[in-house]
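Structure first, commentary second.
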Amino acid sequence: MEHRRAGVASGGAGRLARGMSEHVTESDDGSHDTPERNSGEGEGPEGLVLLRDLRALHLAATENSLHWEMLAQTAQATRDERLLELASACHPQTLRQMRWTNTLIKQLSPQVLTSL
């Protein structure tokens, strides 16, 4: 019974993540950058390209953090210990990535933007 419940919770979480991803893709009005680059997007001052890439990484890490939080809440609600352990083990790495990108953005923004 426990194995079946864990599979259902994990499957439900996967469906939630896929559904959210589809919704974001469909409703994106161009105001949110994605980490992927379109052709020609790499052109311009190197510092601005770096800041844009760091911004995209930070936004991706923030989105992942939100997903880990939702999975952890789902795991608690369904009493799925394995899923909760996974979210608890992986979420701190995502938070570290957010802090790292935020620190770099704070350090590089003044240098890049004042040099234009």
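The values are calculated or read from the model by the stated rules, or taken from the named source; none is laboratory data. Nothing here was measured: the structure is a model prediction, and the numbers come from that model. Note: ideal-geometry Cβ built from the backbone for every residue, glycine included; neighbour counts use all protein chains shown. Quick note on the areas: whole protein, heavy atoms, side chains included, nothing else; ligands and nucleic acids left out. Shrake-Rupley method; radii C 1.70, N 1.55, O 1.52, S 1.80 Å.
Remarks
- Filtered residues of region 78-98 (kept if open to solvent by less than 80 Å² (accessible area, probe 1.4 Å) and more than 28 Å from Val112 (Cα to Cα)): Thr78, Asp80, Leu83, Leu84, Ala87, Ser88, Ala89, Cys90, His91, Pro92
- Pair list, Cβ < 6 Å and 6+ apart or interchain, from region 103-114 residues that are closer than 10 Å to Leu50 by Cβ to residues that are open to solvent by less than 100 Å² (accessible area, probe 1.4 Å): Leu104/Leu54; Ile105/Leu54; Val112/Gly47; Val112/Leu51
- Among the residues of region 54-77, those identified as over 30 Å from Leu104 (Cα atoms) and open to solvent by 40 Å² or more (accessible area, probe 1.4 Å) are Gln73, Thr74, Gln76, Ala77.
- Tabulated pairs, region 59-84, first outside any helix (DSSP H, G or I), second hydroxyl-bearing (Ser, Thr, Tyr), C-beta under 8 angstrom, 6+ apart or interchain: Asp80/Ser10; Asp80/Thr74
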